[in-house]
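Notes for the one structure printed next.
The values are calculated or read from the model by the stated rules, or taken from the named source; none is laboratory data. Remember, predicted model here, so these are calculated numbers, not experimental data. No Cβ is skipped: glycine too gets one built from the backbone with ideal geometry, and neighbour counts run over all protein chains shown.
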Amino acid sequence: MEKIPILKMGQFLLVTIQVDLYDQLAENLEADLVNMVNKTNARGVLIDVSSVSIIDSFMGRILGNIAMMSKIMDADTVVVGMQPAVAITLVELGLPLKGVYTALNVEKGMELLHSKILPTEQNLEEDDDNDARSSE
Amino acid sequence: MTTMTPVVLNKDSMIIAREQDVVPFRNRVKEHAVRIGMSLLNQTKLITGASELVRNMLKYGKGGIGMIEILSKGRDNGIRLIFADNGPGIPDIQKAMTDGFTTGKSMGLGLPGTKRLMNEFDIKSEVGKGTTITVIKWKNG
Ligand SMILES: Nc1ncnc2c1ncn2[C@@H]1O[C@H](COP(=O)(O)OP(=O)(O)OP(=O)(O)O)[C@@H](O)[C@H]1O
Ligand SMILES: [Mg+2]
């Protein structure tokens, strides 16, 4: 079965969804992404949905699951490029994309992910061996 | 404004038996919507609602049939979708239409959400016999 490629870019994983996904493909993507976050210690996941013409409750749940499990492994998830018609429809359907950040495009999404892993000035002052990964 | 009965210009249908039928059905609905010149936003709402109802039919109704009709009413065109199954039926429709109500450990969004996305929404269900849901999305609605 075809697979959706996952690109590693520095500390982030990048996925571009090119077609409307069959359920099995979407479920495989979820499993693959979660595995890869775990294996690579990625700090962020960026999913480009600009070619996706429909997000129903099934696809919404997949995106939510990816975000939730990535978060457990200390990675943020940002969905970028959602078509306006899809975004409006999601709101009317009442689907909460829980834990999922959204951004206009890949560039803005990357900026968002970078801002999430950069320790803030204040943190640096208060804690000189600041390590965002430590979890004491 | 006078109430008019819409005229059915064209009919199409598809058997919904497995998960793999969801995307082809959605695509078929989209083709018809494009053909009548429905706006992208209305197309998206229609297809998303169709997806929810097809999924319900598979998950709760043991599959069924999805019908697509092109309607004409006055100056407007639209699409009517009918989802009919011979599944267990819904004992309490009012409850099923409430946001968050689910018997499938899900989000309980499909039915109330689809109603919001459509111009017209009708649900008939009989326990032990099955469920029929009819929705209409007008081209300019
Ligand atoms: N075709 C059907 N046959 C029998 N019961 C149904 C059918 N469609 C819906 N139901 C019942 O109505 C409930 C609500 O449906 P709805 O689509 O709103 O939510 P859901 O499918 O449980 O969750 P979600 O759609 O968010 O994944 C279902 O849990 C089920 O009990
Ligand atoms: Mg449902």
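Surrounded by fewer than 17 Cβ atoms within 10 Å (Cβ to Cβ), at pLDDT below 95, over 15 Å from the mean Cα position of the chain (by Cα) and within 14 Å of chain A (Cβ to nearest Cβ): is that true of B:E19 in this structure? Criteria met by B:E19. So, in region A:81-101, of the ones that are more than 15 Å from A:M59 (Cα to Cα) and under 14 Å from the mean Cα position of the chain (by Cα), which residue ends up surrounded by the most Cβ atoms within 10 Å (Cβ to Cβ)? Here the residue is A:G81. Residue count for region B:84-124, restricted to those that are within 7 Å of ligand 1 (Cβ to nearest atom) and more than 14 Å from chain A (Cβ to nearest Cβ): 7.
Residue-by-condition table, conditions (1) at the interface with chain A (Cβ under 9 Å from one of its Cβ atoms); (2) more than 25 Å from A:Q24 (Cβ to Cβ); (3) touching a His at 6+ places or on another chain (Cβ under 6 Å); (4) buried (at least 16 other Cβ atoms within 10 Å of the Cβ):
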| residue | (1), (2), (3), (4) |
| --- | --- |
| B:L9 | no, yes, no, no |
| B:I15 | no, no, no, no |
| B:F25 | no, no, no, yes |
| B:V29 | no, no, no, yes |
| B:A33 | no, yes, no, yes |
| B:M57 | no, no, no, yes |
| B:E69 | no, yes, no, yes |
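Being of a type in the set (A, V, I, L, M), in a helix (DSSP H, G or I) and surrounded by fewer than 19 Cβ atoms within 10 Å (Cβ to Cβ) is true for just one of A:L29, A:L25, A:L7. Which residue is that? A:L25 is the lone residue from the list that is of a type in the set (A, V, I, L, M), in a helix (DSSP H, G or I) and surrounded by fewer than 19 Cβ atoms within 10 Å (Cβ to Cβ). Of all residues in region B:94-130, those that are among the polar types (S, T, N, Q) and either away from ligand 2 (no atom under 12 Å from the Cβ) or assigned to a helix (DSSP H, G or I) (or both) total 5.
Is it true that some residue in region A:5-18 is without any contact (Cβ under 8 Å) to a residue 40 or more places away in the chain and under 23 Å from B:N56 (Cα atoms)? Scanning region A:5-18, I find no residue that is without any contact (Cβ under 8 Å) to a residue 40 or more places away in the chain and under 23 Å from B:N56 (Cα atoms), so the answer is no.
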